[in-house]
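**Q** I'd like to ask some things about the structure below.
Nothing in this text is a laboratory measurement; each read-out follows from the coordinates by a stated rule. Quick caveat: nothing in here was measured; it's all calculated off a predicted structure. No Cβ is skipped: glycine too gets one built from the backbone with ideal geometry, and neighbour counts run over all protein chains shown.
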Amino acid sequence: MTFRSGFCCFVGRPNAGKSTLTNALVGSKIAITSEKPQTTRRAVRGIVNRPDAQLVIVDTPGLHRPRTLLGERLNDVVRSTLADVDVIGFCVPADQKVGPGDRFIAAELRALTAPAVAVVTKTDIATREQVAAQLAAVSELGDFAEIVPVSAINGDQVDLLAGLLSARLPDGPQLYPADVATDEDVEARVAELIREAALSGVRDELPHSIAVTVEEMQDRDDLSVIYATLHLERASQKGIVIGAKGARLKQIGTRARLAIEELLGRRVHLDLHVAVEADWQRDPKKLDRLGF
Ligand SMILES: Nc1nc2c(ncn2[C@@H]2O[C@H](COP(=O)(O)OP(=O)(O)OP(=O)(O)O)[C@@H](O)[C@H]2O)c(=O)[nH]1
Ligand SMILES: [Mg+2]
């Protein structure tokens, strides 16, 4: 039996379900998800081990019409990832009509040589008729190697998709040890879990304004002490995030701490600080400093 290995990039408009599907395929939470668009801000690698293949999935930010320098940089991340993979998974949600955003991405895919598998996501929240209609609509968008309906939430067809994507990889050896789920470092994952906690319950422009950095992690006996900063864009956002008497910030801290404890497998003390980096989404120096 030959062994295959290589890279698959998930691409799609914001909120299409790319990160949730990545986590479902990998079998553990390596990418944060939320119902707000533009949650993912980096190319996150998740590793899927199968008896006959190792499939490295690269989850990418949603490709969109950029309004800020951050948006432009996120789109650049997607494009440079796309140029370098063996197979592409083009994600389109089943519960929403195919739109200009999907057509725009499909057109970009046509210019690439890697085969594209179209994935109709979120089938659990669509009727059978909706799914059938979406499969037909997506097939009109381009020349896809396969078109697969999946649900990352109930796991329907997820394994089948892993097999179809793996079949498109070249022959090759394992690229990562079998017990590794991602190559993201712990600090980056911790920062993302804090951002995920901060995203829940905020609305409008605020989700886009939040960035998180981990300043320091210290291990003391059975406890990890983590110092992190939640960066906002305007002083007026501070009140919303901190809440009356600090109630919301406390909620964010508790939620994040529980997620980090699960990741690290040990107790965590999280020290969360809020700072304003005026208009960081549009400032090249600040973007560099925040890691974009
Ligand atoms: N019901 C249902 N909801 C899903 C499924 N997959 C994703 N979602 C939801 O859709 C929303 C967006 O999911 P994400 O995985 O964050 O989407 P994304 O494409 O990574 O979004 P960006 O990173 O912003 O581009 C979240 O609220 C998910 O819970 C699914 O299979 N079924
Ligand atoms: Mg995402």
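**Q** Would you list, by chain and number, the aspartates and glutamates whose Cα falls below 18 Å from the Cα of residue 122, excluding same-chain residues fewer than 8 positions away?
**A** 35, 59, 95, 102, 146, 156, 159
**Q** Expressed as a whole number of Å, what is the distance separating the alpha-carbon centroids of segment 219-292 and segment 112-184?
**A** After rounding, the separation between the Cα centres reads 34 Å.
**Q** Still on this model: What lysines could a cross-link reach from residue 250, if we take a straight Cα to Cα line under 26 Å and drop same-chain neighbours fewer than 8 places away?
**A** List returned: 29, 36, 238.
**Q** Would you please classify the overall shape of segment 239-291 from the alpha carbon gyration tensor, given that a ≥ b ≥ c denote the square roots of the eigenvalues, rounded means a/c under 1.5, and beyond that prolate means a/b larger than b/c while oblate covers the rest?
**A** It comes out oblate by the Cα gyration axes.
**Q** Given the rule -39500 (n - 2.57) for each run of at least 4 DSSP H residues, summed and divided by the residues of the chain, what is its mean residue ellipticity at 222 nm, to the nearest 500 deg cm²/dmol?
**A** Working: 10 runs with 106 residues, N = 292.
Rounded to the nearest 500, it is -11000 deg cm²/dmol.
**Q** If a/c stays under 1.5 just call it rounded; otherwise compare a/b with b/c (prolate if a/b is bigger, oblate if not). Do that for segment 1-157, with a ≥ b ≥ c from the square roots of the Cα gyration tensor eigenvalues.
**A** The shape class here is rounded.
**Q** So which aspartates and glutamates can residue 285 reach, going by Cα to Cα under 15 Å and dropping same-chain residues fewer than 8 places off?
**A** Candidates past the 8-residue exclusion: 72, 233, 277.
**Q** At most 16 other Cβ atoms within 10 Å and a DSSP loop assignment: could you name the GluC sites (Glu not before Pro) in segment 88-159 that fit?
**A** 140
**Q** Per q in 0.17, 0.19, 0.25 1/Å, what log10 I(q)/I(0) does a Debye calculation on the alpha-carbon atoms of segment 107-162 return?
**A** Those come out to -0.57, -0.69, -1.01, one per q.
**Q** What is the antiparallel percent of DSSP beta bridges lying wholly in the chain, to the nearest 5?
**A** 35 percent
**Q** P(r) of segment 169-289 in 5 Å steps, Cα pairs, percent per bin?
**A** Each 5 Å bin holds this share of Cα pairs: 2, 10, 19, 20, 16, 12, 8, 6, 4, 2, 1, 0.
**Q** Tell me, what are the semi-axes, in whole angstrom and largest first, of the equivalent ellipsoid of the chain as set by the roots of 5 times the Cα gyration tensor eigenvalues?
**A** 33, 23, 18
**Q** To make sure I understand, if each residue's beta carbon is the centre and we count other beta carbons within 10 Å, what order do 266, 195 fall in, fewest to most?
**A** Least to most surrounded, the residues fall as 266, 195.
**Q** Additional query: Just the C-alpha atoms of segment 126-216: what Rg/Rh do they give, with Rh taken as the Kirkwood radius?
**A** 1.08
**Q** Arrange the peptides 279-289, 7-17, 226-236 so that the one whose residues have, on average, the most other Cβ atoms within 10 Å appears first. All intermediate terms of the calculation are to be shown ahead of the outcome.
**A** Values: 279-289: 15.0, 7-17: 23.6, 226-236: 18.0.
Going by the mean number of other Cβ atoms within 10 Å, highest first, we get 7-17, 226-236, 279-289.
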